[in-house]
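Here it is, the structure, as structure tokens.
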Amino acid sequence: MTYINQNGSLEKTGGEMSRMQNRGFTYGDSLFDVLKFEGGKVAFLEDHYFRLMSSMRMLRMKIPMHFTLEGYEKELLKTLEANGIDDSARLRVSVFRAGGGFYFPESNLSEYRIETGKLPQVPDSPYEIELFKDYHVSSGLLSTVKTNNRLVNVLGSIFAQENEYQNAILINERKELVGATDANLFLIKGDQIITPSLDSGCINGIIRKKVIEHLKSKEGRVVEETAVSPFELLKVDEVFLTNSIAGVQTVNRYRKKKFQDSVARNLRLKLFGL
């Protein structure tokens, strides 16, 4: 039997959830997804599932044969039922490479953990943002995957809280806008709709995808996925954020610039009935 020192207390290792045996803890060798359960179903489940499978393949994790869409939904619902949840919840799924090893893993098999929690309250107060410039997100394909390496997002969130902003906008090494700490970013200027491209390092968000699809197919609008300069924030008419929990979040203010809410309000109505 081996012991580790946890905050001064000696604990036996060997349990399946031992953090020292979890590569997600030791090397950040893991990814996660956050889903919304509401109205008796998991929102956009199929999109979330296929994004997760794609991310696992990118990280060279082997996908278990039983990890089908139907099997995935069954495990999500089983976890909700076990926690007595039948109305609404936030689901977090963590997937990590199994086994030990150092930088080179002993295995590419994968394991997962499903956690549930209450949905956070959506703020109805003015929503103000600011740029976070202390550290940057690396551009490129790997940053589009929701790996457990979220340190820049964490520090950006602390910066926003300390300075009484509702969120911070992250930039990449080219000083291009990437997105908020927990959301994708959209900017509206007249008839022009722009959002940071995946090449910029933004998360390949599910609601981002749904918003783009709706604007293109239902409203016939052009959405430009491109590099976006921070200076654009002072030039546009409207800014909103998207993620799987909040849906479409209006931004009211950036520095001295105040924004409109027409496109975001219409999207909330059309996509979520709000």
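What follows draws every value from the coordinates through simple rules; no lab data is involved. Quantities reported herein were computed from a predicted structural model and do not represent experimental measurements. Every residue, glycine among them, receives a Cβ derived from its backbone with ideal geometry; neighbour counts consider all protein chains shown.
What list do you get for Phe25, Phe132 if you sort them by fewest beta carbons within 10 Å? Show your work: numbers first, answer last.
Details: Phe25 15, Phe132 26.
Ascending Cβ contact count within 10 Å gives the list Phe25, Phe132.
Which one, Leu52, Val137, Gln166, projects farthest toward the positive side of the charge dipole computed for the chain from Cβ point charges (K/R +1, D/E -1)?
Val137
What residue among Phe44, Phe240, Phe104 has the largest mean-square fluctuation in a Gaussian network model of the chain, using Cα springs under 10 Å?
Phe104
Under the classification rounded if a/c is under 1.5, otherwise prolate if a/b is larger than b/c and oblate if not, where does the stretch 3-117 fall, given a ≥ b ≥ c as square roots of the Cα gyration tensor eigenvalues? Each step should come with its number before you reach the end.
Numbers: a/c = 2.56, a/b = 1.43, b/c = 1.79.
Here the stretch 3-117 falls in the oblate category.
From zero outward in steps of 5 Å, how is the percent of C-alpha pairs of the stretch 71-126 spread across the bins?
Answer for the stretch 71-126: a P(r) of 4, 15, 20, 15, 12, 12, 11, 7, 3, 2 percent.
Using the charge dipole of the chain (Lys, Arg: +1 at Cβ; Asp, Glu: -1 at Cβ; taken about the Cα centre), state which of Val222, Ala183, Val122 has its Cα farthest towards the positive end.
Going by the Cα projections, it comes out as Val222.
So for the chain, averaging the separation of alpha carbon pairs under 8 Å that are six or more residues apart and normalising by length, what relative contact order in percent results?
Rounded, it is 15 percent for the chain.
With viscosity set to 0.890 mPa s at 25 °C, what whole-number translational diffusion coefficient in µm²/s follows for the chain from Stokes-Einstein and a Kirkwood radius over Cα pairs?
122
Give the residue from Met61, Ser30, Asn252 lying farthest towards the positive end of the charge dipole for the chain; charges sit on Cβ (+1 for Lys and Arg, -1 for Asp and Glu) and the dipole is referred to the Cα centre.
The residue sitting most towards the positive pole is Asn252.
Moving to a separate point now. Amide H to amide H under 5 Å from Asn167: which residues, 5+ apart in sequence or cross-chain, H placed 1.01 Å off N in plane?
Glu128, Glu130
Okay, next question. Mind listing which trypsin sites (Lys or Arg not before Pro) in the stretch 24-99 are in a DSSP loop and have 12 or fewer other Cβ atoms within 10 Å?
Counting only loop positions with at most 12 other Cβ atoms within 10 Å, the trypsin sites (Lys or Arg not before Pro) in the stretch 24-99 are Arg60.
Now for a separate question. Which far-off residues, 5 or more places away or on another chain, put their amide H under 5 Å from the one on Lys62, with H placed in the peptide plane?
Long-range HN contacts for Lys62: Leu109, Ser110.
Once you charge only the Cβ atoms, +1 for Lys and Arg and -1 for Asp and Glu, what is the size of the charge dipole of the chain about its Cα centre, to the nearest 20 debye?
300
Check Gly101: other-chain or 5+ apart residues with amide H under 5 Å from its amide H, H built from backbone geometry?
Counting only residues 5 or more places away or on other chains, the set is Glu106.
Rounded to the nearest 20 debye, what is the charge dipole size of the stretch 3-117 about its Cα centre when +1 sits on each Lys and Arg Cβ and -1 on each Asp and Glu Cβ?
With Lys and Arg at +1 and Asp and Glu at -1, about 420 debye.
Can you list the HN-Hα couplings for the stretch 73-87, worked out from phi with the Karplus curve (6.51, -1.76, 1.60; θ = phi - 60°), rounded to whole Hz and with x for Gly and Pro?
Couplings: 4, 4, 5, 4, 5, 4, 5, 4, 5, 4, 9, x, 9, 9, 10 Hz.
Taking the number of other C-beta atoms within 10 Å as the exposure measure, put Ser88, Ser30, Ser143 in order starting with the fewest.
If I rank by nearby Cβ atoms, fewest first, I get Ser88, Ser143, Ser30.
Convex hull over the Cα atoms of the stretch 116-165, averaged projected area in nm²?
Mean orientational projected area (the stretch 116-165, Cα hull): 5.0 nm².
Something else: Return one quarter of the surface area of the convex hull spanned by the alpha-carbon atoms of the stretch 128-272, equal to its mean projected area, in nm². Mind showing how you got there, number by number?
Values: hull surface 31.4 nm².
So the mean shadow area of the Cα hull is 7.9 nm².
Rounded to the nearest 5, what is the percent of antiparallel bridges among the DSSP beta bridges in the stretch 128-272?
Given both bridge residues lie in the stretch 128-272, the antiparallel proportion sits at roughly 65 percent.
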